[in-house]
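See below for the structure under consideration.
The values are calculated or read from the model by the stated rules, or taken from the named source; none is laboratory data. None of the values given here were measured: they were computed from a predicted structure. In this analysis, Cβ positions are derived from the backbone assuming ideal geometry, glycine residues included, and neighbour counts consider all displayed protein chains. Areas reflect the complete protein model, heavy atoms only, side chains present, ligands, DNA and RNA absent. Shrake-Rupley method; radii C 1.70, N 1.55, O 1.52, S 1.80 Å.
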Amino acid sequence: MAPTKTILRALAGETLATPPIWMMRQAGRYLPEYKATRAQAGDFLSLCYNPDLAAEVTLQPIRRYGFDAAILFADILLLPQALGAELWFVTGEGPRLSTIQSQADFDKLGPVEDIHETLNPIYETVRILRRELPAETTLIGFAGAPWTVATYMIAGQGTPDQGPAHALRQENNALFEALLARITAGTIDYLAAQIEAGAEVVKIFDSWAGSLKGEAFQKYALAPAREITAALKARYPHIPIIGFPREAGDNYIGFAKATGVDCVALDNSVSAAWAAEHVQVDGCVQGNLASRHMVTGGQELVDETRAIVKAFSKGPHIFNLGHGITPDADPDNVQRMIDAVRQQ
Ligand code: CP3
């Protein structure tokens, strides 16, 4: 049966007169209602693991803006925690994890089968959302890509250049590859469980794919995405998959064909005109307005939004930002972007 929800139609390869729209980090600190619910939960991780409150913050941007998709409220670092890493968030700084530098560190991780014990509340959030979302809104589940998740597990925090992960990859490649294999297997089971609970699309966030070049990109960004996609497609052939190899540059070319993903999400380092010619030729693309327009607004926001819609108008396209919206964004600018997309 042909899909009726706009996002699913675009993902099936249909060119729509108005592109469907959602926004990375659409539930977030730029919204006063998010901050209120987060305060009620106490801290970020308590919010992630509280199905009622996580569903509530997922729904907030849908109520306010009527986006075409909702993205499950969770984090890519919950999987490492479920695999046995320690995880905490330092306010104003970001995530911290126990590090993986040696075989002994790796041996402390648990088996993939055990992840659901920790992640069950996330699946409950998905079930609540499928009941509560408007009939026309698509629910997107997600996970981090193995390389990006590994960069945090190895360094124990975010790093500007992913230096510690690159060092382990070169100095103890066997351990690095064992870690990547564990994360890949966990990601497949985690996304499968989200789909079983009701996720209609899944997205794989490879935020640090851009720091892998040449053969390393093929082995550690492309190959894991292909493996995850193949495993999910074997079980759930009708569930579309969005890949996001952020800042992949020329490696965006052919990524959908090589991995089997239904859609490639674009960051704003590539121009829409270039991506229409080199990436959209293979199918649906998502993106790619620079997040800063949500802070700065004005006529430039409207012009740039319209230019992106126009550049991608000859093929399947889902409008989005090139990366997550930032806490200093003005909620009114989000509405201006939506109006510019829908009033072409
Ligand atoms: O997009 C959504 O609205 C869905 C929820 C979502 C979050 N994180 C919530 C979140 C998603 C899809 C993510 C993905 C994620 N998390 C990525 C990949 C995408 C990207 O941004 O590159 C990464 C690298 C992470 C890890 C992470 N989580 C970091 C580095 C941080 C700290 C930086 C920051 O923005 O504070 C987080 C925290 C986080 N994850 C917040 C939210 C809403 C902010 C937490 C808060 O409320 O204090």
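Is it fair to say Arg64 is out of contact with any Pro (no Cβ under 7 Å at 6 or more places or on another chain), in a helix (DSSP H, G or I) and within 30 Å of Ile21 (Cβ to Cβ)?
yes
Identify, please: which residue in segment 17-39 is aliphatic (A, V, I, L, M) and surrounded by 15 or more Cβ atoms within 10 Å (Cβ to Cβ) and is, among those, farthest from the ligand (Cβ to nearest atom)?
Residues of segment 17-39 aliphatic (A, V, I, L, M): 17, 21, 23-24, 27, 31, 36, 39.
If we keep only those that are surrounded by 15 or more Cβ atoms within 10 Å (Cβ to Cβ) too, we end up with 21, 23-24, 27, 31.
On the way: Ile21: 14, Met23: 8, Met24: 5, Ala27: 4, Leu31: 10 Å.
Among residues in segment 17-39 that are aliphatic (A, V, I, L, M) and surrounded by 15 or more Cβ atoms within 10 Å (Cβ to Cβ), the one farthest from the ligand (Cβ to nearest atom) is Ile21.
Considering (1) more than 16 Å from the ligand (Cβ to nearest atom); (2) under 30 Å from Gly13 (Cα atoms); (3) open to solvent by 10 Å² or more (accessible area, probe 1.4 Å), say which one Ala340 fails and leave the rest.
Unmet condition: (3).
Just for segment 71-109: of the residues that are among the acidic types (Asp, Glu) and closer than 13 Å to Gly158 by Cβ, which one is surrounded by the fewest Cβ atoms within 10 Å (Cβ to Cβ)? Give the steps one after another, and end with the answer.
Of segment 71-109, the ones among the acidic types (Asp, Glu) are 75, 86, 93, 105, 107.
Subsequent filtering for residues that are closer than 13 Å to Gly158 by Cβ retains 75, 93.
Details: Asp75: 19, Glu93: 9.
Among those that are among the acidic types (Asp, Glu) and closer than 13 Å to Gly158 by Cβ, it is Glu93.
So, of the residues in segment 21-66 that are among the polar types (S, T, N, Q) and under 30 Å from Arg306 (Cα atoms), which turns out to be farthest from the chain's Cα centre (by Cα)?
Going through the qualifying residues, I end up with Gln60.
Somewhere in segment 40-58, is a residue open to solvent by 10 Å² or more (accessible area, probe 1.4 Å), more than 9 Å from the ligand (Cβ to nearest atom) and within 21 Å of Val334 (Cβ to Cβ)?
Yes, segment 40-58 contains at least one residue that is open to solvent by 10 Å² or more (accessible area, probe 1.4 Å), more than 9 Å from the ligand (Cβ to nearest atom) and within 21 Å of Val334 (Cβ to Cβ).
In this structure, is Ile239 of a type in the set (A, V, I, L, M), within 15 Å of the ligand (Cβ to nearest atom) and modelled with pLDDT of 95 or more?
For Ile239, the condition - of a type in the set (A, V, I, L, M), within 15 Å of the ligand (Cβ to nearest atom) and modelled with pLDDT of 95 or more - is not met.
Could you pull out every one of the helices (runs of 4 or more DSSP H) wholly within segment 67-158 that has 2 or more residues that are under 22 Å from the mean Cα position of the chain (by Cα) and of a type in the set (Gly, Ala, Ser)?
Here the list reads 146-155.
Across segment 287-308, what is the number of residues that are open to solvent by 10 Å² or more (accessible area, probe 1.4 Å), among the hydrophobic types (A, V, I, L, M, F, W, C) and over 21 Å from Ala69 (Cα atoms)?
3
Which of the residues spanning segment 192-220 are open to solvent by less than 30 Å² (accessible area, probe 1.4 Å) and more than 13 Å from the ligand (Cβ to nearest atom)?
Result: Ala192, Ala193, Ile195, Ala197, Gly198, Glu200, Leu212, Ala216, Phe217, Tyr220.
Show the residue pairs that are 6+ apart or on different chains and have beta-carbon atoms under 7 Å apart, the first residue being within segment 256-271 and touching a residue at least 40 places away in the same chain (Cβ under 8 Å), the second being hydroxyl-bearing (Ser, Thr, Tyr).
From segment 256-271, the pairs are Val261/Thr229; Leu266/Tyr252.
Only one residue in Thr37, Thr15, Thr99, Thr91 is among the β-branched types (Val, Ile, Thr) and modelled with pLDDT under 95. Which one? Talk me through it step by step, then tell me what you get.
On the way: Thr37 fails: modelled with pLDDT under 95; Thr15 fails: modelled with pLDDT under 95; Thr99 fails: modelled with pLDDT under 95.
Just one listed residue meets the conditions, Thr91.
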